[in-house]
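Colleague: Here you go, one structure.
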């Protein structure tokens with residue numbers, strides 16, 4: 001069996017069952033067993049990352065720096081009312097007309 005960390009050993013079926021109860025999630029014994037292993041692996045992975053995440057390593061949310069690319073918000077050419085309504089199946093001359101969608105009541 002692979003060596004387990006102390007953090008992984010803290011994740012037991014009793015802990016998973018307790019967490020499920022707190023979260024109001026009904027789990028079968030099989031699901032508890034499966035989640036015990038999965039949560040243990042997650043805890044081990046976080047522990048490994050914590051080992052190398054020293055204070056001299058800056059925290060990142062993405063592997064490369066990201067910046068937003070903005071352009072000036074300048075209005076351009078717009079459609080006239082007639083152009084916008086030209087392809088509409090129904091309109092009243094100044095607005096689109098659409099049927100109400102209310103479900104079964106109609």
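The values are calculated or read from the model by the stated rules, or taken from the named source; none is laboratory data. Owing to the predicted nature of the structure, the values given are computational and were not obtained by experimental measurement. Cβ placement follows ideal geometry from the backbone for every residue including glycine, while neighbour counts extend to all protein chains displayed.
Colleague: Would a scan of segment 47-62 turn up a residue that is in a helix (DSSP H, G or I) and at pLDDT 90 or above?
Modeller: no
Colleague: Please tell me if residue 16 is assigned to a loop (DSSP other than H, G, I, E, B), surrounded by 10 or more Cβ atoms within 10 Å (Cβ to Cβ) and without any contact (Cβ under 8 Å) to a residue 24 or more places away in the chain.
Modeller: no
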